Amino acid sequence: MVGMARIAVALGGVSLAVAASSQAAPKQYTVVMANMNYGALPGGAKVGDTIVWVNRDTVPHTVTARDHSFDLRVAPGQSGRMTLQKAGAFPFYCIFHAMMRGTLKVAAK
Ligand SMILES: [Cu+2]
């Protein structure tokens, strides 16, 4: 009985090590909205990562996907966070300011 318990513990350790090396920890990115524009978008974002959108303007902005897969509203001087759910390239815009637009690229995990 003692011997079997030891084997189980050893196997558990091996599977944990494999999981840790094949999946990177989620990252957090910040995008600043200022002067009626979106700042630089993250280049290497992946599913599971988080983007914090900071609004430095005195008017509200949104980060609204054209396919409606996300729709974040950010009040003036506030920030909002979004965890990326889907891989793909997502054109988005601000519903209040049509000239504000971008494309968010999200890689699979
Ligand atoms: Cu806006």
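Volume per residue of the convex hull around the Cα atoms, evaluated for the range 54-106, comes out as 70 Å³.
How many angstrom lie between the Cα centre of the range 85-101 and the Cα centre of the range 25-66? That distance is 10 Å. Over the range 35-103, Cα pairs under 8 Å with separation of 6+ residues give a relative contact order of 35 percent.
Just so you know, all these numbers are worked out from the coordinates, no wet-lab data involved. Just so it is clear, the model here is predicted, and its values are computed rather than measured.
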